[in-house]
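For reference, the structure discussed in these notes is given below.
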Amino acid sequence: MAEPKCPECSISGVEHIISKDSEERGRDKHPWFQVAYCDGCGHIYGVFAKHTITASTKGPQLVLNR
């Protein structure tokens with residue numbers, strides 16, 4: 001199988017693709033997303049959502065005060 005190669009710095013190997021949790025956190029203190037990037041030059045391969053809203057999760061509520 002061919003090893004992935006960074007389009008910016010040409011370093012090759014899956015061990016050079018790393019990910020990091022975002023600084024942004026949800027109410028439950030879990031990260032919203034992860035960033036996958038090259039550890040050689042910092043080229044970003046993608047951003048992947050970790051925080052999802054399901055039907056059982058209460059979203060924002062609108063409160064009207066009179």
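Residues that are among the aromatic types (Phe, Trp, Tyr) and in contact (Cβ under 8 Å) with a residue 24 or more places away in the chain within the range 19-47 comprise just one, Tyr45.
Please go through the range 24-50 and give me each residue that is open to solvent by 60 Å² or more (accessible area, probe 1.4 Å), outside any strand (DSSP E or B) and at pLDDT 90 or above, ordered by number. Scanning the range 24-50 gives Asp39, Cys41.
The values are calculated or read from the model by the stated rules, or taken from the named source; none is laboratory data. Just so it is clear, the structure is predicted and the values come from calculations on it, not from any experiment. Because the Cβ atoms are built from the backbone with ideal geometry, glycine has one as well, and the counts that use them run over all protein chains shown. Side chains are part of the model used for accessible areas, which takes the heavy atoms of the whole protein and leaves out ligands, DNA and RNA. Shrake-Rupley method; radii C 1.70, N 1.55, O 1.52, S 1.80 Å.
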